[in-house]
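Take a look at the structure below.
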Amino acid sequence: MVDYGLEGKIIKVGLVGTGYAAKRRAEAFQDSPFSELVAVVGNSLENTEDFCQTYHITAVTNWEDLVNDPSLDLICICNVNRDHGSIVRGALLSNKHVIVEYPLTLNPLESEDLINLARQKQKLLHIEHIEILGGVHQAIKKYLPEIGTPFLARYSTILAKAKVTPHWTYNYDLYGFPFIAAVSRINRFTDLFGEVDSVSCFARFWDAMESGYFSACWCQAQLQFKNNMMVCLNYGKGNQFQSNDRTLEIYGDRGTLIFDGEKGKIKRGDEEIAIEVASRRGLFTQDTTLVLEHLLTGKPLYINNTDSAYSLKVAQASLKSFQNKEIVRV
């Protein structure tokens, strides 16, 4: 049990970002009797002003001023991926607890250093991985024994978008390589099946009219696990796709687990058995509640930083495989 000396205290929070995740975090902090959302820093002045009016909080000019505010206990980072590592480091050096949406950093070589810094400062560094809390993942864990010994999985997340306007999630530098930016795709399977032996990866990007942006991307990775499990990942988004796809299949020697969105089933030959899958709604609130409980009582969290860092290591191997056109050992 970790004791941060916060028992009985209202945890004061500073937020970095004004997008979807930041809004869900703001609602969760304001709904909790154990936290007070104090200030926010955003990229756009207009968006930040709207955010402050909605949640009745103060705007700060830059993240450096936010993390150095002595009145704050916790910094929650929900902005562009490129800046995560720098803000985490700044917050920890300013003796703040930290929540950061995945990825911890776009430079996986930096992740171990940040985790060690949090230990040295005796501060919480929590890397959000709500895919582990989600209904699909919990259903997989519950029903995986029903299909015998798994040997193959396929996971596809495709988002079709007819018109792509410049946004940081379509910016090469701000978003990062897709399997690093969306490291949850890998983390889901390392949580289930352990260590990866080798990675091969292919990718294609379509440049947008605006410099530094892409209008579509497609990435495919094959993860060979040390237990002989094979996982095939497909990630795509943008204007080259005409339809969406969010399917996950795990093949075992006694059946197949199949998820289409939030609908799940077990298939054995002609037999199909529907399985219950909880909704994705409320996961940011659940994650926030668990973090506050951990800070106040020391109750263990649902994921270790070393697990997230390992997923980043595998994601980095996928980037290296794409760049060098080779299979990479992890």
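Would the stretch 5-151 count as rounded, prolate or oblate if I go by the C-alpha gyration tensor, calling it rounded below 1.5 in a/c and otherwise prolate when a/b exceeds b/c, oblate otherwise? Cα axes put the stretch 5-151 in the prolate bin.
Counting only alpha carbon atoms, the long axis of helix 184-193 and the longest principal axis of the chain meet at about 60°.
Across Pro33, Pro166, Pro150, mean-square fluctuation computed from a Gaussian network of the chain (C-alpha pairs under 10 Å connected) peaks at Pro33. Largest accessible area first, the listed residues Asp191, Asp253 line up as Asp253, Asp191 when surface is computed with a 1.4 Å probe on the assembled protein chains. Contact order, relative form, for the stretch 92-213: 27 percent (alpha carbon pairs under 8 Å, 6 or more residues apart, mean separation divided by residue count).
Accessible surface area normalised per residue over the stretch 1-152 is 47 Å², counting heavy atoms of protein chains with a 1.4 Å rolling probe.
Computed from Cα atoms, the angle from the helix 45-55 axis to the main principal axis of the chain rounds to 80 degrees. Relative contact order of the chain, taken over Cα pairs closer than 8 Å and 6 or more residues apart, is 20 percent. When the stretch 214-330 is described by a simple charge dipole with +1 on each Lys and Arg Cβ and -1 on each Asp and Glu Cβ, the residue from Phe284, Ala274, Ala309 located farthest towards its positive end is Ala309.
Rounded if a/c is under 1.5, else prolate if a/b is larger than b/c, else oblate: which is the stretch 173-227, with a ≥ b ≥ c the root eigenvalues of its Cα gyration tensor?
prolate
In this structure, the amide hydrogen of Tyr102, modeled 1.01 Å from its nitrogen in the peptide plane, lies closer than 5 angstrom to those of Glu128, counting only residues at least 5 positions away or on a different chain.
Shape verdict for the stretch 109-200, please, from the Cα gyration tensor: rounded (a/c under 1.5), prolate (a/b greater than b/c) or oblate.
Taking the square roots of the gyration eigenvalues as a ≥ b ≥ c, the stretch 109-200 is oblate.
Against the criterion of solvent-accessible heavy-atom surface with a 1.4 angstrom probe, Asp173, Asp83 sort, most first, into Asp173, Asp83. Gain on full extension, evaluated as 0.36 nm per residue between Leu109 and Thr289 minus their Cα-Cα distance, stands at 61.8 nm. Take each peptide in 11-19, 267-275, count the other Cβ atoms within 10 Å of every residue, and average; sorted highest first, the result is 11-19, 267-275. Relative contact order of the stretch 143-257: 46 percent, from C-alpha pairs under 8 Å at least 6 residues apart in sequence.
Where only DSSP H runs of four or more residues are counted, the chain gives -10500 deg cm²/dmol as its mean residue ellipticity at 222 nm, each run worth -39500 (n - 2.57). Put Met230, Met209 in order of accessible area, highest first, and with a 1.4 Å probe you get Met209, Met230.
The values are calculated or read from the model by the stated rules, or taken from the named source; none is laboratory data. All values derive from a computational prediction rather than experimental measurement. Methodologically, a virtual Cβ is constructed for each residue, glycine included, from the backbone with ideal geometry; neighbour enumeration extends over all protein chains shown. Note: areas computed on protein heavy atoms with side chains; ligands, DNA, RNA excluded. Shrake-Rupley method; radii C 1.70, N 1.55, O 1.52, S 1.80 Å.
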